[in-house]
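J.: Let me begin by handing over the structure; questions about it come next.
The values are calculated or read from the model by the stated rules, or taken from the named source; none is laboratory data. No experiment lies behind these values; they were computed from the predicted model shown. Note that each Cβ is placed from the backbone with ideal geometry, even for glycine, and that neighbours are counted across all protein chains shown. Only protein heavy atoms, including side chains, enter the accessible area calculation; ligands, DNA and RNA are left aside. Shrake-Rupley method; radii C 1.70, N 1.55, O 1.52, S 1.80 Å.
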Amino acid sequence: QISLLIGFISVNNSSWTDYSAYSFFQIVTMCDLVMILFFYMMHIFRVYRRLTCVSWPLAEFLHYLIGTILLLIGSIVAAAKSYNITGLVAGATFGFLATILCVISMWSSYKVSCITQSTSK
């Protein structure tokens, strides 16, 4: 979350040269931040115990998968259109870092929810 927030702030406080590329990057980072906070709140307040009709491990996995793919695309576009402006380069770098951390989080979420359930039977 922190790397997404730093990437968003870096891009937001820089002078833009291509509005569409950085608008997409900002929208993707904000959507990822909101969804991560949503899943944290679901775990903190244990809402997943009351809503048993939703497969929460699958929902979390799909969130990380879609968010990671969009964040990777946004970071590639942001890096390609940065024109060596330091704030935009920093935003793209933190976007790539957040992509790597999302992949690690997605793998650990899959490992905990799917592999441990299948071996415990």
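J.: With unit charges on the beta carbons (Lys and Arg positive, Asp and Glu negative) and the dipole taken about the Cα centre of the chain, which residue among Ala90, Ile27, Val54 sits farthest to the positive side?
T.: Among Ala90, Ile27, Val54, the one farthest towards the positive end of the dipole of the chain is Val54.
J.: Normalise the Debye intensity by I(0) for region 23-72, one equal point scatterer per Cα, no solvent, then take log10 at q = 0.14, 0.19, 0.26 Å⁻¹ and round to two decimals.
T.: -0.39, -0.65, -0.97
J.: Still on this structure, I have one more. Could you tell me the accessible area of Ile44 in Å² (1.4 Å probe, neighbours in place), rounded to the nearest ten?
T.: 110
J.: Once both axes come from the Cα atoms, what is the angle between helix 86-110 and the longest principal axis of the chain, in degrees from 0 to 90, rounded to 10?
T.: Tilt relative to the chain: about 10 degrees.
J.: Once all Cα-Cα distances of region 1-41 are split into 5 Å bins that start at 0, what whole-number percent is in each one?
T.: 5, 24, 30, 20, 12, 6, 3, 0
J.: So for His43, His63, what's the accessible-area order with a 1.4 Å probe, most first?
T.: Result, largest first: His43, His63.
J.: Shifting gears a bit: What's the magnitude of the charge dipole for the chain around its Cα centre, counting Lys and Arg as +1 and Asp and Glu as -1 at the beta-carbon? Answer in Debye, nearest 20.
T.: For the chain, the charge dipole is close to 480 debye.
J.: From largest accessible area down, sort Met35, Met42; use a 1.4 Å probe on the protein chains.
T.: Final ranking, largest accessible area leading: Met35, Met42.
J.: Oh, and also: So how exposed is Ile9, as accessible area in Å² (1.4 Å probe, rounded to 10)?
T.: 80
J.: Per DSSP H run of n ≥ 4, the term is -39500 (n - 2.57); total these for the chain, divide by its residue number, and report the mean residue ellipticity at 222 nm rounded to 500 deg cm²/dmol.
T.: It comes out at -25500 deg cm²/dmol, rounded to the nearest 500.
J.: Ignoring ligands, DNA and RNA, please state the percent of accessible area on the chain from carbon and sulfur, probe 1.4 Å.
T.: Whole-percent figure for carbon plus sulfur exposure: 72.
J.: Run through all the Cα pairs of the chain and give the fraction in each 10 Å bin from 0, expressed as whole percent.
T.: 14, 40, 26, 15, 5, 0
J.: By how many degrees, between 0 and 90 and to the nearest 10, does the Cα long axis of helix 2-12 differ from the longest principal axis of the chain?
T.: 30
J.: Taking a 1.4 Å probe, which of Thr52, Thr99 shows the most accessible area, and what order do the others take after it?
T.: Ranked list, largest accessible area first: Thr52, Thr99.
J.: As I understand it, the value is the acute angle between the Cα axis of helix 56-80 and the longest principal axis of the Cα atoms of the chain; what does it come to in degrees, rounded to 10?
T.: Between helix and principal axis, roughly 10 degrees.
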